[in-house]
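One structure is given here, and the rest of the page talks about it.
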Amino acid sequence: MTSPTLTVAASTHGATKIYGKDDSVVYALNDVSVDFYSGQFTAIMGPSGSGKSTLMHCIAGLDELTEGSAIIDGEDLSKMSDKNLTELRREKIGFIFQSFNLVPTLTADENIRLPLLLGNKKGNEEWIQRVIDTVHLQDRLTHRPSELSGGQQQRVAVARALASEPRIILADEPTGNLDSTTGGEILSFMRMAVDQLDQTIVMVTHDPVAAAYADRIVFLADGKVVSEMLEPTAEKVLDRMKSLGN
Amino acid sequence: MFRIALKSILGRKARLVLTSLAVILGTAFLSGTSIFSATLDRTFNNLFQDVFANIDGYVRSTEVVEGDFGLIERQRIPAETVQKVLAVPGVADAVPDIQAFARIVGKDGKPIGAEGAGPPTFGSVAVEFKGALWTIAEGKFPSGPKEVALDESSAEKAGYVVGDTVKVIAQAGSREFTLVGIASYGDVRSPGGATFALFDVPTAAEFLGKPGFVDAILVVGDGTRTDEALANEIDKIFDPSAKVETLTGAEITKETQDDIGEALSFFSIFLSIFSVIALGVGSFVIYNVFSISAAQRQRENALLRALGASRSQITRSMLIESVVVGLFGSIAGFIGGIGISKLLGVALPALGFDLPSGGLVVTQSAVITTIFVGLLVTVLSAILPARRAGKVPPLAAMRATALETTGKGTKQLLIGLGFIAVGIAIVGAVIGGADNNYLGLGIVGVFVGTIVIGPNVARPVALFLGRPAAALRGVTGTMARQNAARNPKRTSRTSSPVLIGVALVTAVSALAASINGQISDIFTEQFKGDYAISVSAQGFGGLSPSLANDIGKIDGVKNATGIGTALAKIDNKGRTLTVISPDTIEGNYDIGLINASYSSLDKDGIFISRSLAERDNLSVGSVITVVLGDAVPRDLTVRALYEHDDLAGNRVISRETFAGTTVSSFDFGIYINLEDGAENTAVRAALQKAVDDYGQGKLLSRDEYIDEQAGQVNQLLGLIYGLLFLSVIIAIVGIIITLLLSVFERQRELGLLRAVGMTRKQVRTTVRWESVITSLLGAVTGIILGIGLGWVIVFALRDQGLSSFQIPIGTTIFIMVMSFFVGLIAAIYPAWRATKVDILSALNTN
């Protein structure tokens, strides 16, 4: 997969995030420089407290770096105002969270189109239909989240992340709240989005099975990138995790 | 459990403050008005104590004629009585007192003081005397027919200084005097904002009333005996048939204090009605806050239940919280009340009521009442939510969502519809002929029912009202609309204060509009002249009868007739009679005489209305004994019956009946007919000049006069605006509290929205529109209810002559616009809070 034609969708340079002051400083991220490539499915793994969620939040512009920079599509997030960051999230980033992904008062269809609606944009209708077809939601569009199963809700979240044709999709433990069958289904959709719809996905997970769906895994420990793996399998990941744990 | 309750309160200070806010609002009005009333009472008591300090005796007539609306006219006593009193052993000095209607005309030619609605305007006596009520602050006491003294406040208001020429209007007409003195009453510049023109005794007797008579005699003793003994001594010189009594200084002080106390109690009843409304509406807010907080703590409570807390422990813990909130809120409300009473103390003088100086009187009972009532209302409002909190199943701790149950509420719907049905049935029965007294019951039934079914109708109505928002504002509007509808119970409870306020305002203005229309119809039918001079003196004073005579002499005027009132006692009941001039009223004003002409009304005659004739079995030729203000019984013969009793009342007499007696009578209107072919503009100018020279009254064309009379109902508007203001404030506070709690509750949702690209501005828009929809929900329901209520009231008053119901379209539109802004204003802070939600922590809360 790693070929010279790869372009960088998002990256960090010397990303450092410090919590606390003076004696009790904690380095959530310690000089992390990493590139995420277009058209790839990247997983970020690491034990709790390794800084994987912080890294993702900083790439998303939801959190600020103490030092260093996070860049999406050539734009340095640290130099942007709250309004610009909001617009960036709306237009260039798709989000999939672990739970509570949907606005309870809106229908599935409205939830899928939410970033476009917020930006007062029509979007690419052909693309949106294709996304909806891909995640098999045609007959659920008028339902409210409370009328959908957990798996269906997450599929709506995936469709929403795709709907605005973002530069990058950030997923934070997207299958954490699902049983393994439904979780596998969601991961297959994400895989399909990369392979068939040419999307870029960065996913934070601690589940080796989920990580095995990725093209590439970045391992974090104590706020640092400690290793990488290409073309992972669940067994390989498990082994690497064990070695990191030691 | 008590510790847990306390910790729970302290852990959520914001909620404590929010809940208390509702309590504070209600109790602040309560304590503010009661402190203010007590203060007013005390200062007026001190004032009269002061003013009457040197008076040892007070001689006056025992004969009183009481009219409608608490008007009284005490018979006067002959002026020579003063000499008799002076001769009584133990009397050091005695001077007559006269107090009657008089108005001071300002430099701009207009009488000073508020027309009609303001404090009374008096003419009285000021003389050098040990027991004088008035002291001269500047200049000297007036003496002779050309001199006047004014109370300090009036002189200042009109810009008069000693040496100026001042025009004063009284029963005898209008005259110019030289200002020789500025007087003060006790330590105030004018008592209660009333205006006073002061004269020496002969001038007052002649100009203000009937010469040869005085209202009372002020007596100072020589110190040889007690006031009681002195009063007895004076009483001895009067034959019982003279109907004269002597009060001691203490008695007249007490009586005056009681009189003013009664007048003030009316005022404080009015104020307490407002505070009861404030408290009642505030209790909705309190109830709402406790309900929401119970819902938000559902998981916490479920956890406590799972860990072994009993239902009653959960309920009790919440009630303990309500006691703390109630105490905290009431005490804060009491302190706020002190502020409100100070505000009233500043606002009233600004409106023309000069209040005596004096510190605030904070009675113990005001403190206890405020705290007790505040506590009671808070705990009562918390009982239902607390019981509901106790009913939470321990299993709820395991559930993900902690939203309020939004069950169908079929039972509630049925109960509510039951209330409405019973209410309507009662109203229907009254319309069908049952007693009017049941109307209140029916109205309460409909109100309670509407509030009970509130949650059931809130959702569809909010969705309907939210349509424009969704259409205009896209997805933010859609979310606002859905947010307003997502928790119908909460939305309906939040809009209840708006509902109640709007319903009251709409009902009162519907009543006003209906009265307005009615009066307009009546005047159009009965007033036949071309011009009218109106004066809004309500039962006290008016235009001098001499004015109509002067106007009648103007070239081009065919006739000018004055219509006035007189108090009388008939069968020992106080009545207000209409006084006309039979020779000039013909063709000018029509009371609907039945087969008779005005000329048949002579000195010994009376006209009565057909309805009175039917009720009392009277007919032409019957004799009625009438006692006018001079206490002399007169046998008047019914000369004719008439149809229109809505303005003229039931009895009409001629001015001639009491000519040359001490009966005082003023005209409330002068009606003018022009000669055929008279040049309108020239005559109008001449009329205007006559009115200007007189110094009081407004010259109006027929149409203008009709509009003005109908418009007088708009004084009801003061009440409307008071109600509106009060309900607006409470409604805003209620909406703010609910929105804030909703914002706290929807943190995760807000975090998600912000994460996927909602800007802060869009967050604000969403909250704002939700608020507007909630407010409009209350307004729409309130208007419907208010129009119904207004119709019912107008119907109930059909015997008082109200026959046509009118919807106050202007007010209705105003209320809708207003409630839109209420929504906007209430949303400001919650919307700001919503934008401050931290995305990361919102997303991470589980």
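For segment B:237-252, name all the residues that are over 19 Å from residue B:225 (Cβ atoms) and buried (at least 17 other Cβ atoms within 10 Å of the Cβ). Spell out the reasoning first.
Within segment B:237-252, the subset over 19 Å from residue B:225 (Cβ atoms) is B:239-244.
Listed by number, the list holds a single entry, B:244.
Among the residues of segment B:614-649, which ones are assigned to a strand (DSSP E or B), at pLDDT below 90 and of a type outside the set (A, V, I, L, M)?
Across segment B:614-649, the qualifying residue is only B:633.
Just to be sure, is residue B:513 surrounded by 23 or more Cβ atoms within 10 Å (Cβ to Cβ) and within 26 Å of the chain's Cα centre (by Cα)?
Numbers: surrounded by 23 or more Cβ atoms within 10 Å (Cβ to Cβ): yes; within 26 Å of the chain's Cα centre (by Cα): yes.
Judged against the criteria, residue B:513 is a match.
Any chance segment B:489-504 includes a residue that's surrounded by fewer than 22 Cβ atoms within 10 Å (Cβ to Cβ), touching a residue at least 24 places away in the same chain (Cβ under 8 Å) and in a helix (DSSP H, G or I)?
Step one: list which residues in segment B:489-504 are surrounded by fewer than 22 Cβ atoms within 10 Å (Cβ to Cβ), which gives none.
Within segment B:489-504 (the criterion being surrounded by fewer than 22 Cβ atoms within 10 Å (Cβ to Cβ), touching a residue at least 24 places away in the same chain (Cβ under 8 Å) and in a helix (DSSP H, G or I)), the answer is no, since none of the residues qualifies.
If you go through segment A:21-28 one residue at a time, do you hit one that is touching a helix residue (DSSP H, G or I) at 6+ places or on another chain (Cβ under 9 Å) and either away from chain B (no Cβ under 14 Å) or over 27 Å from residue A:199 (Cβ atoms) (or both)?
First pass over segment A:21-28, keeping only residues touching a helix residue (DSSP H, G or I) at 6+ places or on another chain (Cβ under 9 Å): A:28.
Then drop every residue that is not either away from chain B (no Cβ under 14 Å) or over 27 Å from residue A:199 (Cβ atoms) (or both), which leaves A:28.
Yes.
When you scan segment B:606-613, do you find a residue that is in a loop (DSSP other than H, G, I, E, B), hydroxyl-bearing (Ser, Thr, Tyr) and assigned by TED's automatic domain parsing to the domain that holds residue B:562, even just one?
As a first pass, look at segment B:606-613 and keep what is in a loop (DSSP other than H, G, I, E, B): none.
No: zero hits.
Quick one: which of B:735, B:729 is in contact (Cβ under 8 Å) with a residue 24 or more places away in the chain, within 24 Å of residue B:490 (Cβ to Cβ) and buried (at least 19 other Cβ atoms within 10 Å of the Cβ)? Talk me through it step by step, then tell me what you get.
Values: B:729 fails: buried (at least 19 other Cβ atoms within 10 Å of the Cβ).
Answer to the selection: B:735.
Quick one: in segment A:139-150, which of the residues that are closer than 20 Å to residue A:187 by Cα and surrounded by fewer than 16 Cβ atoms within 10 Å (Cβ to Cβ) is modelled with the highest pLDDT?
A:149
Tally up the residues in segment A:111-142 that are in a helix (DSSP H, G or I) and either touching a helix residue (DSSP H, G or I) at 6+ places or on another chain (Cβ under 7 Å) or closer than 25 Å to residue A:58 by Cβ (or both), please. It would help to see each step written out before you state the result.
Filtering segment A:111-142 for residues in a helix (DSSP H, G or I) gives A:111-118, A:125-134, A:138-140.
Adding the requirement that they be either touching a helix residue (DSSP H, G or I) at 6+ places or on another chain (Cβ under 7 Å) or closer than 25 Å to residue A:58 by Cβ (or both) leaves A:111-118, A:128, A:131-132, A:134, A:138, A:140.
Total satisfying the criteria: 14.
Among the residues of segment B:197-238, what is the count of those that are over 17 Å from residue B:76 (Cα atoms) and in a helix (DSSP H, G or I)? Lay out the reasoning, then the answer.
Here is the first cut: in segment B:197-238, the ones over 17 Å from residue B:76 (Cα atoms) are B:197-200, B:220-234, B:236-237.
From what's left, in a helix (DSSP H, G or I): B:227-234, B:236.
Of the residues in segment B:197-238, 9 are over 17 Å from residue B:76 (Cα atoms) and in a helix (DSSP H, G or I).
In segment B:482-499, which residues are of a type in the set (S, T, N, Q) and more than 14 Å from chain A (Cβ to nearest Cβ)?
Selection gives B:492, B:494, B:495, B:496.
Restricting the search to segment A:103-112, which residues are facing chain B (nearest Cβ under 8 Å) and either within 16 Å of the chain's Cα centre (by Cα) or not hydroxyl-bearing (Ser, Thr, Tyr) (or both)? It would help to see each step written out before you state the result.
Just the residues of segment A:103-112 that are facing chain B (nearest Cβ under 8 Å), to begin with: A:103-106, A:110.
Scanning segment A:103-112 gives A:103, A:104, A:106, A:110.
Counting only residues that are surrounded by fewer than 20 Cβ atoms within 10 Å (Cβ to Cβ) and of a type in the set (Ser, Thr, Tyr), which one in segment B:358-388 is farthest from residue B:27 (Cα to Cα)?
Once the filter is applied, the top-ranked residue is B:363.
How about segment B:741-756: which of its residues are within 13 Å of chain A (Cβ to nearest Cβ), among the aliphatic types (A, V, I, L, M) and in a helix (DSSP H, G or I)? If you could, list the steps in order and put the result at the bottom.
The first filter runs over segment B:741-756 and keeps only residues within 13 Å of chain A (Cβ to nearest Cβ), leaving B:742, B:745-756.
The next check asks that each one be among the aliphatic types (A, V, I, L, M); those that pass are B:750, B:752-753, B:755-756.
B:750, B:752, B:753, B:755 - these are the residues of segment B:741-756 that are within 13 Å of chain A (Cβ to nearest Cβ), among the aliphatic types (A, V, I, L, M) and in a helix (DSSP H, G or I).
Would you check if residue B:509 is over 25 Å from residue B:821 (Cβ atoms) and either of a type outside the set (A, V, I, L, M) or touching a residue at least 12 places away in the same chain (Cβ under 8 Å) (or both)?
Numbers: over 25 Å from residue B:821 (Cβ atoms): no; either of a type outside the set (A, V, I, L, M) or touching a residue at least 12 places away in the same chain (Cβ under 8 Å) (or both): yes.
When the stated conditions are applied, residue B:509 does not pass them.
I'd like to check something: does segment A:81-98 contain any residue that is more than 14 Å from chain B (Cβ to nearest Cβ) and surrounded by fewer than 24 Cβ atoms within 10 Å (Cβ to Cβ)? Outline the logic, then answer.
Just the residues of segment A:81-98 that are more than 14 Å from chain B (Cβ to nearest Cβ), to begin with: none.
Looking for residues that are more than 14 Å from chain B (Cβ to nearest Cβ) and surrounded by fewer than 24 Cβ atoms within 10 Å (Cβ to Cβ), one finds none in segment A:81-98, hence no.
Given the condition touching a strand residue (DSSP E or B) at 6+ places or on another chain (Cβ under 8 Å) and surrounded by fewer than 20 Cβ atoms within 10 Å (Cβ to Cβ), answer yes or no: does some residue in segment B:707-714 qualify? Spell out the reasoning first.
Our first condition is that a residue be touching a strand residue (DSSP E or B) at 6+ places or on another chain (Cβ under 8 Å); within segment B:707-714, this holds for B:708-709.
Now narrow it down to the ones that are surrounded by fewer than 20 Cβ atoms within 10 Å (Cβ to Cβ): B:708.
Scanning segment B:707-714, I find at least one residue that is touching a strand residue (DSSP E or B) at 6+ places or on another chain (Cβ under 8 Å) and surrounded by fewer than 20 Cβ atoms within 10 Å (Cβ to Cβ), so the answer is yes.
For segment B:808-829, does any single residue satisfy the condition of being farther than 18 Å from residue B:741 by Cβ and outside any helix (DSSP H, G or I)?
Within segment B:808-829, one or more residues are farther than 18 Å from residue B:741 by Cβ and outside any helix (DSSP H, G or I).
So if I check each of B:759, B:774, B:738, which one is of a type in the set (S, T, N, Q) and within 14 Å of chain A (Cβ to nearest Cβ)?
Details: B:774 fails: within 14 Å of chain A (Cβ to nearest Cβ); B:738 fails: within 14 Å of chain A (Cβ to nearest Cβ).
So the residue among B:759, B:774, B:738 that is of a type in the set (S, T, N, Q) and within 14 Å of chain A (Cβ to nearest Cβ) is B:759.
Working carefully through the options B:781, B:765, find the one that is under 30 Å from residue A:58 (Cβ atoms) and either crowded, with 20+ Cβ neighbours inside 10 Å or of a type outside the set (Phe, Trp, Tyr) (or both).
Values: B:781 fails: under 30 Å from residue A:58 (Cβ atoms).
So the residue among B:781, B:765 that is under 30 Å from residue A:58 (Cβ atoms) and either crowded, with 20+ Cβ neighbours inside 10 Å or of a type outside the set (Phe, Trp, Tyr) (or both) is B:765.
How many residues does segment B:445-477 contain that are within 14 Å of another protein chain (Cβ to nearest Cβ), in contact (Cβ under 8 Å) with a residue 12 or more places away in the chain and of a type outside the set (A, V, I, L, M, F, W, C)? Walk me through it before giving the result.
Step one: of segment B:445-477, the residues within 14 Å of another protein chain (Cβ to nearest Cβ) are B:459, B:462-463, B:466, B:469-477.
Still in the running and in contact (Cβ under 8 Å) with a residue 12 or more places away in the chain: B:459, B:462-463, B:466, B:469, B:473, B:476-477.
After this cut, where a residue has to be of a type outside the set (A, V, I, L, M, F, W, C) as well, the list is B:459, B:466, B:473, B:476-477.
Number of matching residues: 5.
Only one of A:168, A:71 is more than 9 Å from chain B (Cβ to nearest Cβ), closer than 18 Å to residue A:192 by Cβ and in contact with a Ser or Thr (Cβ under 7 Å, 6 or more places away or on another chain); which? Can you show your working first?
Values: A:71 fails: closer than 18 Å to residue A:192 by Cβ.
After ruling out the rest, the residue left standing is A:168.
Anything in segment B:149-174 that is farther than 22 Å from residue B:133 by Cβ and modelled with pLDDT of 90 or more? List them, or say none.
So in segment B:149-174, the residues farther than 22 Å from residue B:133 by Cβ come out as B:159, B:161, B:163-165, B:167, B:169, B:172-174.
Selection gives B:161, B:163, B:164, B:165, B:167.
Could you list, in sequence order, all residues of segment A:17-36 that are touching a residue at least 60 places away in the same chain (Cβ under 8 Å) and over 23 Å from residue A:241 (Cα atoms)? Explain how you work it out, then say what you get.
So in segment A:17-36, the residues touching a residue at least 60 places away in the same chain (Cβ under 8 Å) come out as A:17, A:27-34, A:36.
Listed by number, the list holds a single entry, A:17.
In contact with a helix residue (DSSP H, G or I) (Cβ under 6 Å, 6 or more places away or on another chain) and either not assigned by TED's automatic domain parsing to the domain that holds residue B:775 or not in a loop (DSSP other than H, G, I, E, B) (or both), is that true of residue B:720?
Details: in contact with a helix residue (DSSP H, G or I) (Cβ under 6 Å, 6 or more places away or on another chain): yes; either not assigned by TED's automatic domain parsing to the domain that holds residue B:775 or not in a loop (DSSP other than H, G, I, E, B) (or both): yes.
Answer is yes for this residue.
When residues of segment B:270-299 are filtered for being touching a Ser or Thr at 6+ places or on another chain (Cβ under 8 Å) and not hydrophobic (A, V, I, L, M, F, W, C), how many remain?
Total meeting the criteria: 7.
The values are calculated or read from the model by the stated rules, or taken from the named source; none is laboratory data. As the structure is a computational prediction, the values presented were derived from the model and not from experiment. Methodologically, a virtual Cβ is constructed for each residue, glycine included, from the backbone with ideal geometry; neighbour enumeration extends over all protein chains shown.
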